[in-house]
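S.K.: Sharing a structure below in structure tokens format, with a few things to ask.
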Amino acid sequence: MGNIDSNTIGQFILFMVALIFSLSVHESAHAWMSNRFGDDLARLQGRITLNPAAHIDPIGTLLFPAIAFFTHIPIIGWAKPTPVNPLKWRNKRVANFWVSAAGVISNAIIAIIAGIIMRVLFEFNIVELYLHPFYGLAAEATSGSIIAEGSAKLLSGFFSLNVALAIFNLIPVPPLDGSKILASILPPSFEPAIETMERFGFMLLIVLMFTGVFSFLFRIVMPLVSYPFVIGIG
């Protein structure tokens, strides 16, 4: 794990702030969209909220991300799944698509906002921008101000975490959102195959995670989605 100093602890706190907020937005988006299609289960359970207490999973939101941060093992955290009742949905296939996609869309929006803010700060010479080979767009303060440095790291964290969450959740392996999005698009004849995948989905995710597939995917996608924010920078 190496030496853990005050700087590392500070980075960890900023990382957890970005992660917990992003996961809360992700799950709240699922709940909000499900309610829009007629299912009030998540709303009645208080899940349409950005209050982290409603979404935190002790293992997925706190323990695993902490392990990932200090050991550099490629683990992506998760929050408590948003409960839905598909029987209440109007137009089930359309609802399944948008409810499943809502979380990914919310993470994409956060990443775009973070990227735009970093670019604006760059134009005002408050931060320098660069492309990290794994985390994508990142910012460093041009001054020694603690506030500027903390803001740069927090914005960088918001960008990379939300891009990672969006990419990860788009993977069409159960129980990820991508599998539900795919199921809502494919003909009903594919349902047995999808149900079979659901039995082995978690095991497959573990294999993909520890064989470096996710790391490889992120190294390809991160620079691509980061590039629009560094256009014109010498």
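The values are calculated or read from the model by the stated rules, or taken from the named source; none is laboratory data. Here the structure is a predicted model, which is why all the values come from computation and not from measurement. So basically every Cβ, Gly included, is an ideal-geometry build from the backbone, and we count neighbours across all protein chains shown.
S.K.: Please name all residue pairs, on different chains or six or more residues apart, with Cβ atoms under 8 Å, provided the first residue is in segment 183-210 and is surrounded by 11 or more Cβ atoms within 10 Å (Cβ to Cβ) and modelled with pLDDT of 85 or more and the second residue is charged (D, E, K, R) and in a helix (DSSP H, G or I).
M.R.: Qualifying pairs under 8 Å: Ala183/Glu191; Ser184/Arg93.
S.K.: Condition first: modelled with pLDDT of 95 or more, crowded, with 16+ Cβ neighbours inside 10 Å and in a loop (DSSP other than H, G, I, E, B). Can you find one or more residues in segment 66-77 that meet it?
M.R.: Scanning segment 66-77 turns up no residue that is modelled with pLDDT of 95 or more, crowded, with 16+ Cβ neighbours inside 10 Å and in a loop (DSSP other than H, G, I, E, B).
S.K.: Moving to a separate point now. Do we have any residue at all in segment 210-232 that's among the polar types (S, T, N, Q), part of a helix (DSSP H, G or I) and either over 24 Å from His30 (Cβ atoms) or touching a strand residue (DSSP E or B) at 6+ places or on another chain (Cβ under 6 Å) (or both)? Working first, answer last.
M.R.: Pass one, segment 210-232, residues among the polar types (S, T, N, Q): 211, 215, 226.
Checking which are part of a helix (DSSP H, G or I) leaves us with 215, 226.
Okay, now just the ones that are also either over 24 Å from His30 (Cβ atoms) or touching a strand residue (DSSP E or B) at 6+ places or on another chain (Cβ under 6 Å) (or both), so 215, 226.
Yes, some residue in segment 210-232 is among the polar types (S, T, N, Q), part of a helix (DSSP H, G or I) and either over 24 Å from His30 (Cβ atoms) or touching a strand residue (DSSP E or B) at 6+ places or on another chain (Cβ under 6 Å) (or both).
S.K.: Also: Need pairs with beta-carbon distance below 9 Å; first residue at pLDDT below 85 and within segment 1-15, second assigned to a helix (DSSP H, G or I) and surrounded by 10 or more Cβ atoms within 10 Å (Cβ to Cβ); sequence gap 6+ or separate chains.
M.R.: Pairs found: Met1/Phe70; Met1/Thr71; Gly2/Thr8; Gly2/Phe70; Ile4/Phe12; Ile4/Phe70.
S.K.: Could you check Pro81 against (1) surrounded by 20 or more Cβ atoms within 10 Å (Cβ to Cβ); (2) out of contact with any Lys or Arg (no Cβ under 7 Å at 6 or more places or on another chain); (3) modelled with pLDDT of 95 or more and say which number it fails?
M.R.: For Pro81, the exception is condition (1).
S.K.: Between Leu121, Leu155, Leu129, which is farther than 27 Å from Ile206 by Cα, modelled with pLDDT of 95 or more, part of a strand (DSSP E or B) and among the aliphatic types (A, V, I, L, M)? Don't jump to the end; show me each part of the working.
M.R.: On the way: Leu121 fails: part of a strand (DSSP E or B); Leu155 fails: part of a strand (DSSP E or B).
Just one listed residue meets the conditions, Leu129.
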